[in-house]
Amino acid sequence: QVQLVESVGGLVQAGVSLRLSCAASGRTFNIYAIGWFRQAPGKEREFVAAISWSAGTTYYTDSVKGRFTISRDNAKYTVYLQMNSLKPEDTAVYYCNSDVRGMAGTPRAFGSWGQGTQVTVSS
């Protein structure tokens, strides 16, 4: 099993940037893709971005394309989510997941979840 630890989010103003990290440990040798999801109050958890571990192929939900960038550091088993031009609607608890599949269609999470980190964007 893979364990994930996310960095602390924060309270920021609209338009600024924030970077989240997700560090994996444990059975990391069979990671296929790691991704980020988020859950806003009263809403279902939704896919944000994912990256395949070997090829580094990236996938994004439409609402963050051009603003968010997902990347990985294979040596550190860490995935980053660089969030630029943040908007109030990006406010949510962000979770990373160790096994994201179906990125070409409907991404779904099958692996371990991180503890979640709160990102709040004020207008």
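The values are calculated or read from the model by the stated rules, or taken from the named source; none is laboratory data. Keep in mind it's a predicted model, so treat the numbers as computed, not measured. Please note: Cβ atoms are built from the backbone with ideal geometry, for glycine as well, and neighbour counts cover all protein chains shown. Note: accessible area is taken over every heavy atom of the protein model, side chains too, but ligands, DNA and RNA are not part of it. Shrake-Rupley method; radii C 1.70, N 1.55, O 1.52, S 1.80 Å.
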Counting sequence-distant residues (5 or more places) and residues on other chains, those with an amide H built under 5 Å from that of D99 are G35, F110, G111, S112
So the carbon and sulfur contribution to the accessible area of the range 1-67, 1.4 Å probe, in percent, is 49 percent
Taking a probe of 1.4 Å and leaving out DNA, RNA and ligands, the chain shows per residue an accessible area in Å² of 52 Å²
In whole Hz, the Karplus estimates of ³J(HN,Hα) for the range 15-28 (6.51, -1.76, 1.60; θ = phi - 60°; x where Gly or Pro) are x, 8, 10, 8, 10, 9, 10, 9, 9, 9, 8, x, 7, 7
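Defining a contact as two alpha carbons under 8 Å apart and six or more residues distant in sequence, what relative contact order in percent does the range 17-123 show? Walk me through the intermediate numbers first.
Working: 221 pairs, mean separation 31.9, N = 107.
Worked out over the range 17-123, it gives 30 percent.
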Once both label points are put 7 Å beyond Cα along the C-beta direction, the R27-N74 separation in nm becomes 2.2 nm
Amide H neighbours of R72 at under 5 Å, excluding residues fewer than 5 places away on the same chain, with H built from the backbone geometry, are Y80
On each of the three principal axes the extent of the alpha-carbon atoms of the chain, given in whole Å and largest first, is 42, 28, 25
Along the dipole axis of the chain (charges at Cβ: +1 for Lys and Arg, -1 for Asp and Glu; origin at the Cα centre), the most positive-end residue among S54, Y80, V64 is S54
Over the Cα atoms of the range 65-123 the radius of gyration and the largest Cα-Cα distance (Dmax), both in Å, equal 12.9, 37
Of all trypsin sites (Lys or Arg not before Pro) in the range 39-74, the ones in DSSP coil with at most 15 other Cβ atoms within 10 Å are K43, K65, R67
